[in-house]
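Have a look at the structure below before the remarks.
The values are calculated or read from the model by the stated rules, or taken from the named source; none is laboratory data. Small disclaimer: the values here were computed from a predicted structure and weren't measured. Glycine gets a Cβ as well: all are built from the backbone with ideal geometry, and neighbour counts include every protein chain shown.
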Ligand code: ADP
C-alpha cells in the first residue's frame, strides 16, 4: 500500500527560520539535543495522557523512555522515543510549517547580526529545526500510536527548501529523529560529550534517557539521567543550574530565567507549582491569541500544555508547571473552567507570582530588567485584577519629572517619599511620548512649584489610571483635566485674576472659537505657555480619545476647554488687538498651538498653515486683505 514518495516545499517561514537558525545559533549549537529530547519527552507525556482513555495505545510497549544512539563511523546521532508518534499529515504539518501567528513579522526583524538574531530566535523558541545546526540531513521516522506498522512515515530534509515524505514499515510506536551530522560536528557522536549534554540539559526529565554508543567495543545501553521530574523533588535537593535548565527545557528559551519559585501546597488542596519569570519577553507577548499558561500535570501525569486558567492574562509571561493531586485525570479545558478548585488555586498562584515580583523589586537593577520587558503587561493587572490592586500598585514603575529622563524606574512610594508634607495628591500626565509629556504646558505650574508629575506614555496607561484612582490614601490626579485643583499646600490664585476686563476677553475668544471649544477659562496650571486645552471631567482623556480614534472607533464629537494664561505676552497682545479679523486668527492660532503641544492632530492643518503664513507676511486679517 506504500504511498509514493512525495517532495513538498517548506512554508516560506520555515525556510527562512532554518537559514537564520543555522547561521545565528552557531555558538549555541549543543542546544539541539535539549530541544529534541524535550520533544521526545513531550511525545511520551502525550502518549501517557491519551492512554488514560485508551489504555491499549500503550499495551505493546509500556515503559516510556528516550534512547539516544550515536555512531561515529556513520556520523549519525538519533533520538528515539516510544511516545505518541506522528501520522503522515501530522508530520507534514508539524515539520513543514510554523503555526505560530506573527512569525512572518517576527522574521523580518532579523538583521543578519548573529548575536542580535540569536537573541531573537531565543525569544521565538527554536525546537525541532535546531537539528539542522549540526546536521546537513535529518530523517524522521514515526508511527502514530494506534496506527498499523505499515502506516508509519519517513520524513527527510536537507533544509534546502523542501522535504520528502514516504510511507514505511515501522514496528515500533513513536518517533526516531536521525541527524546526519555535518563533517565538522562529529563531537556529537562522542559518548562522553553526549553523556555530559544529557546530564546538563535533560537530567530532570521524568523519563529515562539512555545512551547507546554503537561503535563502543561492548555496546550497551545505559540510562544517563536521573529520570525524576524536577518539580517532584524537594527544593533543597535541586541546584540552581538544574532549575535554570528545566526552565529552558520548558520554555524553549535559551536565556536564564530571572527568578523562580518552587512550592508544594499541602492540606485541603494539594499541588506543586514551579513558576518562572523569564528574562526576556517572547516575540508574541502582545498577541492575545498566543499560547500562554502553565504545563498541567495531575498526579505527575502530563495533562496539557498552556493551561491558561491558572493565572490571569496580565501574568501571561509566567512559565511553569503545576501538578495537582486533586484534579481529575480526565480534566479538560472546559472542565477546568468550571472547576471550583481552580478559583482558589488561581488566586494562590497569582499571589505567589506577585510575591516573587515583590522580592525581585528589592534589587533595583534586576527589577528594571523585568520592568522593561513586562512592565506594560503587568499594568493591565490594575484593570483586570481589583483584588490585588494594592500589591500591583506597589510594583509599578514610572518616569517622572524628578528623573529628567524617560527611564521608568520610580515607584509610587518613591513619589510619596519625596512629596512635601501635606501634598494629598499624586499628579500625572498622559501623553503620546516622553518628549510631549515633559514639555507639556499642563505641568508648568506644578513644576514651578516643585510638585512632581508622573509621565505616563504607554498605551495601557490610560486604562491603568482608570483602574487606580488612589494610592495609600492619595488621589491620583490627571493634570489635563478641567477640575485640576492645585490648592495642595498653597492658595490657588487662578480665579483671583478674573476681573471684568479679563471676563470680556474670555467671552470674545469664546465667540471667535465657538465652533471649536466648549469653553474658555483662565488657567491655573500655566507658566510659560499662553494656553492649553483640557478635557472636561466627563470627557474622555484626549490621549484615550486619540487611541480609540486611531483604532477606528467612532466617538461622539467633543470639544475641549481652552485655558488661557492671562499674564502671557501673547494673551496680552490678543487683548490689545483691535482688528476683529486678526483677533479671530490669533485666537485660532493660540488654540492650534495648545492642541499641537498636547500631541493632538489639527482637524484642518492647511487652514492653520495659511493663518500662520498670513501672520508672517503681516497680512493676517481678512479685513486687511481687501
Ligand atoms: P514545539 O515543540 O515548540 O511545538 P517543534 O518545532 O520542536 O516545536 O515541533 C513541532 C511539533 O512537532 C511539536 O509541537 C510536535 O507536535 C511535533 N513533534 C516534534 N517532535 C516530536 C516527537 N518526537 N514526537 C511526536 N511529535 C513531535
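Quick notes on this structure:
- Some residue of segment 39-51 being at pLDDT below 85 and within 16 Å of the ligand (Cβ to nearest atom): no
- Residue in segment 74-93 that is part of a loop (DSSP other than H, G, I, E, B), exposed (fewer than 14 other Cβ atoms within 10 Å of the Cβ), assigned by TED's automatic domain parsing to the domain that holds residue 218 and within 9 Å of the ligand (Cβ to nearest atom) present: no
- Restricting attention to segment 236-261 and to residues that are more than 12 Å from residue 201 (Cα to Cα) and part of a loop (DSSP other than H, G, I, E, B), the residue that is modelled with the lowest pLDDT turns out to be 253.
- Sole exception among (1) part of a helix (DSSP H, G or I); (2) without any contact (Cβ under 8 Å) to a residue 40 or more places away in the chain; (3) closer than 29 Å to residue 519 by Cβ for residue 392, by number: (3)
- Any chance residue 4 is more than 14 Å from the ligand (Cβ to nearest atom), buried (at least 16 other Cβ atoms within 10 Å of the Cβ) and touching a residue at least 12 places away in the same chain (Cβ under 8 Å): no
- The listed residue being within 15 Å of the ligand (Cβ to nearest atom), over 24 Å from residue 173 (Cβ atoms) and assigned by TED's automatic domain parsing to the domain that holds residue 149, out of 30, 35, 13: 13
- Residue in segment 152-162 that is in contact with a helix residue (DSSP H, G or I) (Cβ under 6 Å, 6 or more places away or on another chain), closer than 27 Å to residue 48 by Cα and within 15 Å of the ligand (Cβ to nearest atom) present: yes
- Filtered by the rule that a residue be over 30 Å from residue 53 (Cβ atoms) and either more than 16 Å from the ligand (Cβ to nearest atom) or surrounded by fewer than 22 Cβ atoms within 10 Å (Cβ to Cβ) (or both), segment 127-148 gives 136, 137, 139.
- Within segment 162-235, strands (runs of 3 or more DSSP E) holding 2 or more residues that are under 40 Å from the mean Cα position of the chain (by Cα): 162-168, 174-181, 209-213
- Of the set (1) closer than 22 Å to residue 11 by Cα; (2) more than 12 Å from the ligand (Cβ to nearest atom); (3) in contact with a strand residue (DSSP E or B) (Cβ under 6 Å, 6 or more places away or on another chain), all apply to residue 123 but (3).
- Scanning segment 98-107 for residues that are surrounded by 14 or more Cβ atoms within 10 Å (Cβ to Cβ) and within 10 Å of the ligand (Cβ to nearest atom) returns 98, 100.
- Which listed residue, of 98, 66, 84, 70, is in contact with a helix residue (DSSP H, G or I) (Cβ under 7 Å, 6 or more places away or on another chain) and modelled with pLDDT under 95: 98
- Per the listing 603, 592, 584, 537, the residue uniquely within 27 Å of residue 504 (Cα to Cα) and either free of Cβ contacts under 8 Å to residues at least 12 places away in the same chain or assigned to a loop (DSSP other than H, G, I, E, B) (or both) is 537.
- Check on residue 296, in a helix (DSSP H, G or I), modelled with pLDDT of 90 or more, in the same structural domain as residue 261 (by TED's automatic domain parsing) and crowded, with 19+ Cβ neighbours inside 10 Å: no
Conditions tested, residue by residue: (1) modelled with pLDDT of 90 or more; (2) at positive phi; (3) assigned to a loop (DSSP other than H, G, I, E, B).
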{"residue": "414", "(1), (2), (3)": "yes, no, no"}
{"residue": "417", "(1), (2), (3)": "yes, no, no"}
{"residue": "423", "(1), (2), (3)": "yes, no, yes"}
{"residue": "451", "(1), (2), (3)": "yes, no, yes"}
{"residue": "476", "(1), (2), (3)": "yes, no, no"}
{"residue": "490", "(1), (2), (3)": "no, no, yes"}
{"residue": "495", "(1), (2), (3)": "no, no, no"}
{"residue": "508", "(1), (2), (3)": "yes, no, no"}
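- Residue in segment 169-185 that is nearest to the ligand (Cβ to nearest atom), counting only those that are surrounded by fewer than 16 Cβ atoms within 10 Å (Cβ to Cβ) and farther than 20 Å from residue 40 by Cα: 169
- Qualifying positions in segment 16-27 - more than 16 Å from the ligand (Cβ to nearest atom) and either crowded, with 16+ Cβ neighbours inside 10 Å or under 12 Å from residue 161 (Cβ atoms) (or both): 24
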